[in-house]
Amino acid sequence: MPAVEARDLAVRFGDFTAVDRVSFSVEPGEIFGFLGANGAGKTTTIRVLCGLLAPSAGQAWVDGVAVQGDLRAVKARVGYMTQRSTLYADLSVDENLAFQAGLRGMGAAALARRRAELFSLIGFGGTGHEVVKSLPGGLRQQVSLAQALLHDPRIVFLDEPTAGVAPEARARFWALIRRLAGEGRTVFVTTHYMDEAEQCGRIALMRDGKLIALDSPAGLKRSTYPRGLVEVDPGPADWLSRARGWAGLSEPRPHGLRWRLEEQGAGAWDAFAAAMPGLPAWRRSQPTLEDVFLKLVEGRP
């Protein structure tokens, strides 16, 4: 049974369609990346899956429970870390956890046990009396994660959890994500950092409310750029005008100090290179997830 499943999920606000007939499934223990530009429908989809927003059409399940059904059961199965911290900055770490425990109906003994487990998980060495606003950004995000995990959910939704966090703190946070998945939890995460997306088992790409691609990072690169890319060193620019009109080659684009283009037809670049004596040094290169994102999500060649 999938940990998360959506079938033809749609969300409309008046005449605006935020999520447009989206279907996918996520396996237990999977780190599932959900990528797209701002406004693509990612957060709206997550809010539906967490039982916070009713869909306009379609169906969705978390851990086998329909989100249109028992909302209490849905919310008991999921943890949600939003884009903006839900911690109260003027309260201490312990006060924030106690408040969340009260909302979840957790008793003092259960809270004490989970507090110890979660402090160990995130490596928090403080006393718990620290006021949240005094914590560094990375540690504050880890405490936010602990709060989302307080009721021991099997499915965790993380909506841009490391936005604005230093690279070292981001690395520590992703070590926690991998640990959660290693324990069998399903982690559903959005991010704008492509190095983080590389760590996902599969990635769904959203654009204008639609799901436009779903595969592993390696699979997305292969399907988007089946023949890879060609990079050409700086040099005499007379080859550019001929390359722009050559069948089977994309428009050359600046890429750092080099030019880059896509071979869209088999053998097109080799034929072009053979016909261009004096062509500057060139090499074939492998696309990155950033290349995939720019082409599919932002529509850049």
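Values quoted throughout were computed directly from the atomic coordinates according to the rules given, and no laboratory measurement underlies them. In this text the structure is predicted, and so the values were computed from the model without any measurement. Neighbour counts run over all protein chains shown; Cβ positions are idealised from the backbone, glycine included.
Numbers for the structure displayed
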read-out: For segment 83-141, size of Cβ-based charge dipole, Lys and Arg +1, Asp and Glu -1, in debye; value: 180
read-out: Centroid-to-centroid separation of segment 164-224 and segment 1-60 [C-alpha atoms, Å]; value: 16
read-out: Max mean-square fluctuation residue, GNM over the chain, Cα-Cα springs under 10 Å, options Thr44, Thr17, Thr127; value: Thr127
read-out: Cβ-based net charge around Lys133, under 13 Å, with every Lys or Arg adding one and every Asp or Glu removing one; value: -2
read-out: Helix axis angle, 137-148 relative to the chain longest principal axis, alpha carbon, degrees; value: 60
read-out: Gain in span if fully extended, Arg113 to His192, counting 0.36 nm per residue against the direct Cα distance; value: 25.0 nm
read-out: Size of charge dipole - segment 1-42 - debye, nearest 20, with Cβ of Lys, Arg +1 and Asp, Glu -1, no other charges; value: 120
read-out: Segment 185-267 - percent relative contact order, Cα under 8 Å, separation 6 or more; value: 20
read-out: Phi to ³J(HN,Hα) by Karplus 6.51 cos²θ - 1.76 cosθ + 1.60 over segment 282-297, Hz, x for Gly, Pro; value: 9, 7, 7, 9, 8, x, 10, 5, 4, 4, 4, 4, 5, 6, 7, 8
read-out: Local electrostatic count, Ala89, Cβ distance below 13 Å [Lys/Arg +1, Asp/Glu -1]; value: 0
read-out: Solution diffusion estimate, µm²/s, Stokes-Einstein, segment 1-133, Kirkwood Rh from C-alpha pairs, 20 °C, viscosity 1.002 mPa s; value: 127
read-out: Chain lengthening between Gln68 and Ala89 when straightened (0.36 nm per residue, less Cα-Cα); value: 4.2 nm
read-out: Which labelled figure in (i) 30, 24, 19; (ii) 36, 24, 15; (iii) 44, 23, 15 is semi-axes √(5λ) of the Cα gyration tensor in Å, once derived from the coordinates; value: (iii)
read-out: Gaussian network model of the chain, springs between alpha carbon atoms under 10 Å - residue of Arg178, Arg283, Arg207 with greatest fluctuation; value: Arg283
read-out: Extension reserve of the Ala37-Arg12 stretch, reckoned as 0.36 nm per residue once the Cα distance is removed; value: 7.1 nm
read-out: Set of lysines with alpha-carbon distance to Lys133 below 29 Å, sequence-local pairs under 8 removed; value: Lys42, Lys75
read-out: Check: the chain dipole with +1 on Lys, Arg Cβ and -1 on Asp, Glu Cβ, in debye; value: 200
read-out: Filtered trypsin sites (Lys or Arg not before Pro), segment 93-132: DSSP coil and at most 12 other beta carbons within 10 Å; value: none
read-out: GNM result for the chain, Cα springs below 10 Å: residue of Ile122, Ile203, Ile31 fluctuating most strongly; value: Ile122
read-out: Candidates per GluC sites (Glu not before Pro) in segment 177-243, loop by DSSP, up to 12 other Cβ within 10 Å; value: Glu183
